[in-house]
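**Q** Encoded as structure tokens, here's the structure I'll be asking about.
The values are calculated or read from the model by the stated rules, or taken from the named source; none is laboratory data. As the structure is a computational prediction, the values presented were derived from the model and not from experiment. With ideal geometry, Cβ positions are generated from the backbone for all residues, glycine too; neighbour counts draw on all protein chains shown.
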Amino acid sequence: MRIKNHPILKFEFGRKVKFTFEGKEMYGYEGEPIGAALHDNGVMVLRQSIKLKRPRGFFCAIGHCSSCLMEVDGESNVRTCVEPLKEGMVVKLQKGKGTLK
């Protein structure tokens, strides 16, 4: 699922790290967007629409929409398309609008 060879762009990856998504152990590269690591692990649905509960995946991938909002390490409304992946992160699907702390 990951682009490795491109005629123009060069992709550099950090060290391989482990994280969990919905209780399942997954791997990605430190510093890459959480959403990219999820996509590489086959996760295409990042949330559901609030009203109609329709599946949402990547849309803008630059932090401007709300299609990728997820719960990360207990914090709601994290834009996973721009949030860097770190070792041991716990990522979950967000229910509804999330919660405030």
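**Q** Write out, first by first residue and then by second, each pair whose Cβ atoms fall under 7 Å of each other, whose residues are 6+ apart or on separate chains, and whose first residue, in region 4-26, is more than 17 Å from residue 84 (Cα to Cα) while the second is at pLDDT 95 or above and basic (Lys, Arg).
**A** Final answer for the pair search is 22/92; 25/18.
**Q** Still on this structure, I have one more. Filter region 1-56 for residues that are among the basic types (Lys, Arg) and over 14 Å from residue 93 (Cβ atoms) and give the result.
**A** 2, 4, 10, 15, 16, 18, 51, listed by residue number.
**Q** Let me ask another. Could you please let me know if residue 52 is modelled with pLDDT under 95, outside any strand (DSSP E or B) and either of a type outside the set (Lys, Arg) or in contact with a helix residue (DSSP H, G or I) (Cβ under 6 Å, 6 or more places away or on another chain) (or both)?
**A** Yes; evaluated as a whole, the condition is true for this residue.
**Q** Follow-up. Could you please give the count of residues in region 1-46 that are at positive phi and buried (at least 16 other Cβ atoms within 10 Å of the Cβ)?
**A** Matching residues across region 1-46 total 0.
**Q** Those residues that are assigned to a strand (DSSP E or B), within 19 Å of residue 79 (Cβ to Cβ) and not small (Gly, Ala, Ser), I need them from region 27-45; list them, please.
**A** 29, 33 - these are the residues of region 27-45 that are assigned to a strand (DSSP E or B), within 19 Å of residue 79 (Cβ to Cβ) and not small (Gly, Ala, Ser).
**Q** Suppose we keep only residues that are touching a Pro at 6+ places or on another chain (Cβ under 8 Å) and in a loop (DSSP other than H, G, I, E, B) within region 62-101. Which one would you say is surrounded by the fewest Cβ atoms within 10 Å (Cβ to Cβ)?
**A** 82
**Q** So residue 14 ticks every box in (1) part of a loop (DSSP other than H, G, I, E, B); (2) among the small types (Gly, Ala, Ser); (3) within 14 Å of the chain's Cα centre (by Cα) but one. Which box is left unticked?
**A** (3)
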